[in-house]
1. Got a sec? Which helices (runs of 4 or more DSSP H) wholly within region 63-171 have at least 3 residues that are more than 25 Å from residue 183 (Cβ to Cβ) and modelled with pLDDT of 75 or more?
2. Test residue 174 against the stated conditions and say whether it is in contact (Cβ under 8 Å) with a residue 60 or more places away in the chain and more than 23 Å from residue 92 (Cα to Cα).
3. Tell me, which residue of region 178-191 that is modelled with pLDDT of 85 or more and surrounded by 24 or more Cβ atoms within 10 Å (Cβ to Cβ) is nearest to residue 15 (Cα to Cα)?
């Protein structure tokens, strides 16, 4: 039986796509415009690069999830595992609620977390710069691996969730599901970005996505309290 938080992580990535347009739209646009001249159909020519970018990005998410899940499991062994996992689940739920407010534009507290992550990003970003300009899908994969560590409140919120997943493998799987959920938005950015960007900028779209993520947060907290 599939544990419910894996499909939920996918749905968070899917609904969080409205944030991806704002956060990563410039990156995707710049990378797409910098690709070699297309031979044949432009979309088919770009597709291997777009898949490589996003494959690298999702791989980095899964790696970060493994680190978070492993760290959470290690910490849980220091105290009562049951109580530690419940506590982490409640914290994850609270972060999801904050994330929902952030996506909807009602409260931007998670922006501070993104700024804090900029310290790590400043050390990693030069590695990606060495791979530019992109001329092969392998280079695109390398850029994607670096891109996956871009400071992002959406990613950080799900990483907090991964802390309570119960181990490195479960944390990696949770972040993988989340990353797959973000694929439709970011693959679309490389193909029909203008039309979709106009759609997701509509306030009601962001608010609906935010409300859905807030509901996920309350669900997580509710499940933790029921298991207490």
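The values are calculated or read from the model by the stated rules, or taken from the named source; none is laboratory data. Model, not experiment: these values are computed from the prediction. Please note: Cβ atoms are built from the backbone with ideal geometry, for glycine as well, and neighbour counts cover all protein chains shown.
1. 81-104, 110-129
2. In short, no.
3. 182
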